[in-house]
1. May I ask you to list the residues in the range B:80-130 that are over 19 Å from A:GLY129 (Cβ atoms), among the polar types (S, T, N, Q) and out of contact with any Cys (no Cβ under 7 Å at 6 or more places or on another chain)?
2. Given the conditions (1) of a type in the set (A, V, I, L, M, F, W, C); (2) within 14 Å of chain B (Cβ to nearest Cβ); (3) within 14 Å of DNA strand D (Cβ to nearest atom), which single one is not true for A:VAL97?
3. When you go through A:HIS111, A:HIS125, A:HIS116, A:HIS88 one by one, which is the residue that is in contact with a Leu (Cβ under 7 Å, 6 or more places away or on another chain), within 11 Å of another protein chain (Cβ to nearest Cβ) and farther than 28 Å from A:LEU18 by Cβ?
4. Could you run through the range B:13-42 and say how many residues are in a loop (DSSP other than H, G, I, E, B), without any contact (Cβ under 8 Å) to a residue 24 or more places away in the chain and away from DNA strand D (no atom under 12 Å from the Cβ)?
5. From the list A:GLY73, A:GLY10, A:GLY45, which one is within 12 Å of another protein chain (Cβ to nearest Cβ) and within 16 Å of DNA strand D (Cβ to nearest atom)?
6. Answer with yes or no whether A:ASP36 is more than 9 Å from DNA strand C (Cβ to nearest atom), at pLDDT below 95 and closer than 30 Å to B:VAL77 by Cα.
7. Return the total of residues in the range B:48-70 being outside any helix (DSSP H, G or I) and near DNA strand D (Cβ under 10 Å from one of its atoms).
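The values are calculated or read from the model by the stated rules, or taken from the named source; none is laboratory data. These numbers were taken from a predicted model, which means no experiment stands behind them. Note that each Cβ is placed from the backbone with ideal geometry, even for glycine, and that neighbours are counted across all protein chains shown.
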Protein chains: 2
Amino acid sequence: MQDQELRAAGLKVTLPRLKVLKILEQANPRHLTAEDVYKKLLEQGEEIGPATVYRVLTQFEEAGLVDRLNFDGNRAVYELSTGEHHDHLVCLSCGTVSEFYDDLIETRQQHVAEQHGFLLKEHDHIIYGLCQNCQS
Amino acid sequence: MQDQELRAAGLKVTLPRLKVLKILEQANPRHLTAEDVYKKLLEQGEEIGPATVYRVLTQFEEAGLVDRLNFDGNRAVYELSTGEHHDHLVCLSCGTVSEFYDDLIETRQQHVAEQHGFLLKEHDHIIYGLCQNCQS
DNA sequence: ATGTATGCAAAACATTTGCACCTGG
DNA sequence: CCAGGTGCAAATGTTTTGCATACAT
């Protein structure tokens, strides 16, 4: 069960946390807004308020269970952490999200930071475009 | 005068637009939030409301006069467009913003998009870290 | 003149917080 | 039992919008 995952993250095992975790694990696509999660809870007939969803997602992020992203700039998106870093491609037309990882870009990025005297901590890299289906 | 720039952008020359444009041109650092711009207008004793600032900045963005960025995810930041694409380094401690452009990353990015069947339209690439001064 | 821009206040939206009650360990 | 978690509603912060008035051309 996901009890273990919560405990391992140092979080008490409560119903809202279990439900939210399950939703994130079963999500397809994997990228959900807080509202998406809340709606799915409603669909399942759960009595969980939006405030709790935000609180739980924030705790999950702090615990490293999920990653928070910021597509388009006004709405946070959450995805279950894979443990491996990756960046994103977002389709401007249908919203499809793909993931990518490019060693060369990562290396080069580190290089750029050094050139500017920066100690690199993290980065956001999102490519916006049209996915294959939306180009026709 | 900046009248020309506004006219060239297809915008009527009005006092708020002139004032906002001047503030952006004189800004140092070059990256300002809508609120920053609004405060500077107040300091100058101008009678311009926040709503107008947002409207003007949005129009400037549509006209290509300014670029809108999204540092940290909850606050939009505007900078006068240089005409040349660049990405950003942001100091997590003092907020300093630097700009960078790396041909290799740009090329590679295009490559990544193609591999995923995406037609690349734009991208956000922000490196967060500690600037030289904030590492000591 | 006339269509567009502005100012104000109110609305919209995503997210956070205060507080009384409930619950997990 | 008791600290921490939750639900609700109200607050927050940013940005947008409706509408009557003012302005640029």
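1. B:SER81, B:THR82, B:SER98
2. Here A:VAL97 meets the rest and fails (3).
3. A:HIS116
4. Total meeting the criteria: 1.
5. None of the other options fit; the residue is A:GLY73.
6. no
7. Final tally of qualifying residues: 3.
Residue-by-condition table, conditions (1) within 23 Å of A:GLU99 (Cα to Cα); (2) crowded, with 18+ Cβ neighbours inside 10 Å; (3) under 10 Å from the mean Cα position of the chain (by Cα):
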| position | (1), (2), (3) |
| --- | --- |
| B:TYR54 | no, no, no |
| B:GLU62 | no, no, no |
| B:ASP72 | yes, no, no |
| B:SER81 | no, no, yes |
| B:HIS88 | yes, yes, no |
| B:CYS91 | no, yes, no |
| B:ASP103 | yes, no, no |
| B:GLN109 | yes, yes, no |
